[in-house]
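One structure is given below, encoded as structure tokens.
Where a number appears in this text, it was derived from the coordinates with a stated rule and is not lab data. A quick note: this is a predicted structure, and the numbers were derived from the prediction, not measured. Positions of Cβ are generated from backbone atoms using ideal geometry, with glycine treated the same way; all protein chains shown enter the neighbour counts.
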Amino acid sequence: MVFAGGVLTGRRLVDTPPPSAAPAPVVETVTVTPTPTPEPPEDEAPAPVPAAPTRLVVPSLDIKAPIVDIALGPDAVLEPPEDPDVTGWWDGSAQPGDTVGRVVITGHTVSNGGGALDLLPELDSGKVVLVTETGRHRYRVTDNLVVSYREVAERARDIFGQTEESPGGARLILVTCTDFNGEFYESNSIVVAEPV
């Protein structure tokens, strides 16, 4: 019996043609790795659209306080919200992200502690303040003023101005009371910050 590349049929070996040697198709696979779209640097990221603020954060003083809308009261006095843990945004002032006017936010200082802005008089120039709403707006402190109530009234247009003529351009203004004399507060602490 012989079997070497052939088929045994009875007693005679019949050669069979080799199997078809047609080359197998070559399938080339290409792996495409999508190139990630780089995040724009923070200073090139589009600024959030101006909107009423909802939260105030001052990292250096560990201040984190919700913001509610408030209106001017009688005699054009801006009263903070009743809740000392909450700050108020004057709804007649600029919104964070506006290029004109002042974003005016006020809150309580409590003589024995517990006010949202108790530590505001300690805020140093150069520190960052964050105001959030639909996005996050960063401001850098340029001044922290202690101003008597009478001087605030006299300088109200410069401090709280909402027009293009307001000195210094768009600004964030934070206001609370200071100089407690044992019975009442005698002055305002007014922080001025510029957008960054």
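Projecting the Cα atoms of 113, 132, 161 onto the charge dipole of segment 55-195, computed from C-beta unit charges around the Cα centre, puts 132 farthest toward the positive end.
Counted by neighbouring Cβ atoms within 10 Å, the residues 143, 62 run from fewest to most as 62, 143.
The length gained on full extension between residue 179 and residue 82, counted as 0.36 nm times the residue separation minus their Cα-Cα distance, comes to 32.9 nm.
For residue 110 and residue 51, a Förster radius of 22 Å and the Cβ-Cβ distance give a FRET efficiency of 0.15, rounded to the nearest 0.05.
Please list 89-97, 169-177, 150-158, 71-79 highest first by mean number of surrounding beta-carbon atoms within 10 Å per residue. Could the numbers behind the result be given before it?
Details: 89-97: 19.9, 169-177: 21.9, 150-158: 12.8, 71-79: 10.3.
Put in order of decreasing packing, that is 169-177, 89-97, 150-158, 71-79.
Counting every other Cβ atom within 10 Å of each residue's Cβ, 64, 127 order from fewest to most as 64, 127. Roughly how many whole Å is it from the C-alpha centroid of segment 134-192 to that of segment 68-92? Computed from Cα coordinates, the inter-centre distance equals 14 Å. Answer rounded, prolate or oblate for segment 55-195, using the Cα gyration tensor with square roots of eigenvalues a ≥ b ≥ c: rounded when a/c is under 1.5, else prolate when a/b is larger than b/c, else oblate. Rounded, because the longest to shortest axis ratio a/c is under 1.5. When only alpha carbons of segment 119-196 are considered, Rg and Dmax amount to 13.4, 41 Å.
The dipole here belongs to segment 56-137: it is taken about the Cα centre, uses +1 on the Cβ of Lys and Arg and -1 on the Cβ of Asp and Glu, and is about 340 debye.
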